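Enquirer: Can you read through this structure? Questions will come right after.
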Amino acid sequence: MSATLIPATLIPGDGIGPEITAATIAVLDALGAPFQWETHVAGLAGVTAFGDPLPQATLDSIERTRLALKGPLETPSGGGYRSSNVRLREQFQLYANLRPAKSLVPGGRFENIDLILCRENIEGLYMGYEHYIPIDGDPHAVGMSTGINTRQGCRNILKFAFEYAINKGRKKVTVVHKANIMKALTGIFLETAQEMHEAHYKGKIEFEQVIIDACAMKLVMNPWQFDVLVTTNLFGDILSDEIAGLVGGLGMAPGANIGADAAIFEAVHGSAPDIAGKGIANPTALLMAAAMMLDHVGRTELGDRLRQAIDDVLNKDNIRTGDLGGKASTDQYAKALVARIKG
Ligand code: NAI
């Protein structure tokens, strides 16, 4: 195997970010992962160090490496700075957000879940075209938002979803929309999906469409009826937390933000300020994101070894963090993974 290292940007993040990142790097080192890390800050740590939630040095590093592993970044609700996560996705045109949800620990509310969600990541209602209209002295009398979905943006994420599904041997792609009400904004997404399936993917993969509200209900009633889901930005954000809930919560859910020439891998969960600094956070989501990063650079064998080690530690060694009903600290869990990898 070539010893060439792949430059990659590492953003430890805020809250539990540094703790779960340290655990992840320890496990990746044990695995011999081929990354040469450039460590940079963003989010609250960026504001504290440089007065900027997305410092130029961090952007320059990702500009060079086109590859990053990122801990959660704090974003104030309402006022304050705009989400660094959203800005990173826009800056590097990371149009596809890939979020797998797979049962890792048996005995949860649902068994044997294996779902893939492909979320459009840079358009829709997340473009930030928002403003207030002041009336009669109330500066926030009216709140307005404009969503934008383009034909090309729909094509990009739909092509990603169809080809991902076919390449991974999946059975079905479900397009999720609200074209009955938002006829233009999400109608264009459904229409493009139907056209692309007819033109390029018919006979290669099963295809269906479902309205977002029905989809949310069906996921809770019978999640096994779905396989690969593809949807617009806001619906994808909500559904990805829902499918994370089906497999034991946010501590287990990884995500990848992928564009034509850059990719950022992260945990789906946030900075968990309520448990930050206590050494009890579950690093599995970031570890699973690192496994996706290994797949992305063509080192699937290392990604598979990492996933196997996680499975062994959770289910054979029964070493789990508190969110999964266990007693292990972040550090004890990471050490058990290193032992499995080295053993
Ligand atoms: P959160 O995901 O940080 O926490 C929700 C609940 O899940 C908390 O009780 C937390 O302790 C628990 N939790 C989350 N991750 C965990 C883990 N790895 N192990 C054990 N327990 C875990 O969501 P919240 O509290 O709404 O957001 C906190 C901050 O994170 C906000 O500033 C938000 O903007 C930011 N955020 C950042 C994201 C990112 O960088 N991708 C994604 C979501 C939120």
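The values are calculated or read from the model by the stated rules, or taken from the named source; none is laboratory data. Here the structure is a predicted model, which is why all the values come from computation and not from measurement. Heads up, the Cβs are rebuilt from the backbone with ideal geometry, glycines too, and the neighbour counts pull from every protein chain shown. These area figures cover heavy atoms from the full protein model, side chains too; ligands, DNA and RNA do not enter into them. Shrake-Rupley method; radii C 1.70, N 1.55, O 1.52, S 1.80 Å.
Enquirer: Using alpha carbon centroids, what distance separates the stretch 278-305 and the stretch 191-219, in Å?
Expert: The distance from the Cα centre of the stretch 278-305 to that of the stretch 191-219 comes to 30 Å.
Enquirer: With a 1.4 Å probe and all protein chains left in place, how much of the accessible area of the stretch 120-201 comes from carbon and sulfur atoms, in whole percent? Let's see the in-between values first.
Expert: Numbers: 2410 of 4450 Å².
That fraction is 54 percent.
Enquirer: While we're here: Using only the Cα atoms of the stretch 102-179, build the gyration tensor, take square roots of its eigenvalues as a ≥ b ≥ c, and label the shape rounded, prolate or oblate: rounded if a/c is under 1.5, else prolate if a/b is larger than b/c, else oblate.
Expert: On the way: a/c = 4.33, a/b = 1.84, b/c = 2.35.
Oblate is the answer for the stretch 102-179, as a/c is 1.5 or above yet b/c matches or exceeds a/b.
Enquirer: A further question follows. Using only Cα atoms, locate the centre of the stretch 115-141 and the centre of the stretch 58-113, then give the distance between them in Å, rounded to an integer.
Expert: With the stretch 115-141 and the stretch 58-113 each reduced to a Cα centre, they are spaced 19 Å.
Enquirer: Computed over the Cα atoms, what is the radius of gyration of the stretch 1-125 divided by 2.2 N^0.38 Å, N being its residue count?
Expert: My calculation over the Cα atoms of the stretch 1-125 gives 1.20.
Enquirer: For q values of 0.21 Å⁻¹, compute log₁₀ I(q)/I(0) with the Debye formula on a Cα-only model of the stretch 192-333, without solvent.
Expert: Those come out to -1.39, one per q.
Enquirer: If you don't mind, there's one more thing I want to ask. Need one number: the % of Cα-Cα pairs in the chain sitting beyond the 39 Å mark.
Expert: Numbers: 7797 of 58653 pairs.
Result for the distance tail: 13 percent.
Enquirer: Also, I was wondering about something else. Output the direction-averaged projected area (hull surface divided by four) of the convex hull of the alpha-carbon atoms of the stretch 181-271, in nm².
Expert: Numbers: hull surface 30.6 nm².
It is 7.6 nm².
Enquirer: Defining a contact as two alpha carbons under 8 Å apart and six or more residues distant in sequence, what relative contact order in percent does the chain show? Working shown, then result.
Expert: Working: 681 pairs, mean separation 73.2, N = 343.
Rounded, it is 21 percent for the chain.
Enquirer: Tell me the per residue accessible area of the stretch 104-234 using a 1.4 Å probe; a whole number in Å² is fine. Walk me through the numbers on the way to the answer.
Expert: Working: 6910 Å² over 131 residues.
That works out to 53 Å² per residue.
Enquirer: If you add up the charges near R82, with Lys and Arg at +1 and Asp and Glu at -1, over every other residue whose beta carbon is less than 15 angstrom from its beta carbon, what do you get?
Expert: Values: positive: R87, R89; negative: D52, E74, E90, E130.
Net of charged neighbours comes to -2.
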